[in-house]
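Structure first, commentary second.
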């Protein structure tokens, strides 16, 4: 049973999981330091997302809080010591496009080269999880940031622009034969990512914008989401109901949040963008 189910009200949740007094995180570096000290030791993934959301003061950090939990669910044997990014996107627009990431094999292991075009928190990630190759020969690898032959570039972004974003460039990155990851859970990553981000968002909304009974309602949604995420297969009808409730919370706080943060109108898409896919999903 998740530790989140034990909380009887919002006050208990906040008292237990907010372990620092100053949660003002004006930069990615500050939030990562806060996250590393207060959140990283958390073993329960629902609590990891919620605690990260409680410490977030903007939606860029809400994304990171949920994203880190989703990656740990997808690759549970990796024991990430810091932040990880899952790099899948490749160039489809260049003329010619940058080559995607592929690998070659030898007796010594794998040689990986190519480009990934979107890396979240590119200035701060400690691990890069990549997909190399396509179709039946695709493999996944966890590359430490300091891997020889791995470089990163950054670019400005409008959406979640306070989080660093960029690309990864690999030239003959060598890994051992036994380092390919178990990818059985990858097909569920997108669905789980959305729900872990919802957990972090509800924690952020409850602490920053809601009060009294509305906070306890938020806790109830957190607990229901956490129970859904505990299932081997997500319960679709429940997830759809929860999505509607999360969108209602977003609408409730929108006016106050927009008045406080000029980035809100752009960044609130982090919460709204998953809803059409969830509602259209079939069993």
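For segment 18-48, taking the residues that are surrounded by 12 or more Cβ atoms within 10 Å (Cβ to Cβ) and modelled with pLDDT under 90, the one that is farthest from the chain's Cα centre (by Cα) is identified as 19.
What number of residues within segment 101-130 are assigned to a loop (DSSP other than H, G, I, E, B) and modelled with pLDDT of 95 or more?
Quick first cut of segment 101-130, residues assigned to a loop (DSSP other than H, G, I, E, B) only: 101, 107-108, 121-126.
Still in the running and modelled with pLDDT of 95 or more: 101, 121-126.
Here the count works out to 7.
In the set (1) under 14 Å from residue 180 (Cβ atoms); (2) surrounded by fewer than 17 Cβ atoms within 10 Å (Cβ to Cβ); (3) in contact (Cβ under 8 Å) with a residue 24 or more places away in the chain, residue 139 fails one condition alone, (2).
Looking only at segment 247-256, decide whether some residue is in contact with a helix residue (DSSP H, G or I) (Cβ under 8 Å, 6 or more places away or on another chain), closer than 30 Å to residue 135 by Cβ, part of a helix (DSSP H, G or I) and modelled with pLDDT of 95 or more. Within segment 247-256, not a single residue is in contact with a helix residue (DSSP H, G or I) (Cβ under 8 Å, 6 or more places away or on another chain), closer than 30 Å to residue 135 by Cβ, part of a helix (DSSP H, G or I) and modelled with pLDDT of 95 or more. Cβ-Cβ distances below 9 Å connect the following pairs, each with a first residue in segment 195-212 that is without any contact (Cβ under 8 Å) to a residue 12 or more places away in the chain, a second residue that is surrounded by 21 or more Cβ atoms within 10 Å (Cβ to Cβ), and a separation of six or more residues or different chains: 212/10. Scanning segment 219-246 for residues that are farther than 20 Å from residue 193 by Cβ and touching a helix residue (DSSP H, G or I) at 6+ places or on another chain (Cβ under 6 Å) turns up just one, 219.
Suppose the filter is farther than 14 Å from residue 125 by Cα, in contact with a strand residue (DSSP E or B) (Cβ under 7 Å, 6 or more places away or on another chain) and touching a residue at least 40 places away in the same chain (Cβ under 8 Å); does residue 78 pass it? Explain how you work it out, then say what you get.
Values: farther than 14 Å from residue 125 by Cα: yes; in contact with a strand residue (DSSP E or B) (Cβ under 7 Å, 6 or more places away or on another chain): yes; touching a residue at least 40 places away in the same chain (Cβ under 8 Å): yes.
So residue 78 passes the test.
The values are calculated or read from the model by the stated rules, or taken from the named source; none is laboratory data. The shown structure was predicted, so the numbers you read here are calculated from the model rather than taken from an experiment. Here Cβ is always computed from backbone atoms with ideal geometry, including for glycine, and neighbour counts include all displayed protein chains.
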